[in-house]
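Accompanying notes for the structure given below.
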Amino acid sequence: MPVSDQGVNRERYMLIPRTAIFLRRDDAYLLLKGAPTKRLWPNRYNGLGGHVERGEDLLSAAQRELREESGLSADLWLCGTVVIETGQNPGICLYIFTGESVEGEPQASTEGLAEWIAYDRLSGLPVVEDLPVLLGRVHAMRKGDPPFAARSFYGQDDRLTVLFAKE
């Protein structure tokens, strides 16, 4: 379908694509402790990932982000999407990937320090607000499960809500 027929209109909801990667090794996940100099989430743990660059597909973007932030590579698979309400246009669409990594150790990057963190240690660490909910969902999945769909937003009480679509 040509661009002219796509229905692109600034009045419609627009989304910026981003990736999040939760690489697994046994019962641990590769998480990034944000550098103390980062504007967003300094010294907090999050998945690896970032923006999808123009001309990139989602999987290539996730693989690139994984290499840039940890020096590792892995066979990744899409396990879910989250539409993030920002309260303005555009919003964010987060594409969540996971995979297994059996060899290699992560290297630090300007983004922070990638570390293998045991899943049962998460509750005692400073993490970004949606990490426990999203990683909990990813942790319950197995390769071949259908991807989940969710949306997240802040309510009137300024608390984050993540709603998963019924499957």
- Query: Given the structure, is Gly71 surrounded by fewer than 11 Cβ atoms within 10 Å (Cβ to Cβ) and at positive phi?
  - Reply: no
- Task: Go through region 1-31 residue by residue and tally those that are without any contact (Cβ under 8 Å) to a residue 12 or more places away in the chain and closer than 29 Å to Ser101 by Cβ.
- Result: 1
- Note on the structure: Scanning region 11-38 residue by residue, the ones that are under 16 Å from Thr110 (Cα atoms), modelled with pLDDT of 95 or more and not hydrophobic (A, V, I, L, M, F, W, C) total 1
- Query: So which residues in region 114-144 are in contact (Cβ under 8 Å) with a residue 60 or more places away in the chain, touching a strand residue (DSSP E or B) at 6+ places or on another chain (Cβ under 7 Å), outside any strand (DSSP E or B) and of a type outside the set (A, V, I, L, M)?
  - Reply: Tyr119, Pro126, Lys143
- Is it the case that region 150-162 has a residue that's in a strand (DSSP E or B) and of a type in the set (Asp, Glu)? no
- Message: If I filter region 148-167 down to residues being without any contact (Cβ under 8 Å) to a residue 12 or more places away in the chain and among the basic types (Lys, Arg), which single residue comes out as nearest to Gly91 (Cα to Cα)?
- Response: Arg159
- Output the residues belonging to region 25-51 that are touching a Ser or Thr at 6+ places or on another chain (Cβ under 7 Å) and either aliphatic (A, V, I, L, M) or farther than 28 Å from Lys143 by Cα (or both). Leu30, Ala35, Leu48
- Task: Determine whether region 32-40 contains at least one residue that is closer than 23 Å to Phe97 by Cα and within 13 Å of the chain's Cα centre (by Cα).
- Result: yes
- Find the residue count for region 87-112, including only residues that are of a type outside the set (Ser, Thr, Tyr) and under 13 Å from Gly49 (Cα atoms). 6
- All-but-one check, Phe97 against (1) modelled with pLDDT of 95 or more; (2) out of contact with any Cys (no Cβ under 8 Å at 6 or more places or on another chain), failing number (2)
- Item | Enumeration of residues in region 79-113 that are aliphatic (A, V, I, L, M), farther than 23 Å from Lys143 by Cα and touching a residue at least 40 places away in the same chain (Cβ under 8 Å) | Ile84, Ile92, Leu113
- Message: So in region 129-151, with the set limited to residues that are under 26 Å from Glu53 (Cα atoms) and surrounded by fewer than 18 Cβ atoms within 10 Å (Cβ to Cβ), which one is farthest from the chain's Cα centre (by Cα)?
- Response: Pro146
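The values are calculated or read from the model by the stated rules, or taken from the named source; none is laboratory data. Everything quoted here is computed from the prediction, not taken from an experiment. Note that each Cβ is placed from the backbone with ideal geometry, even for glycine, and that neighbours are counted across all protein chains shown.
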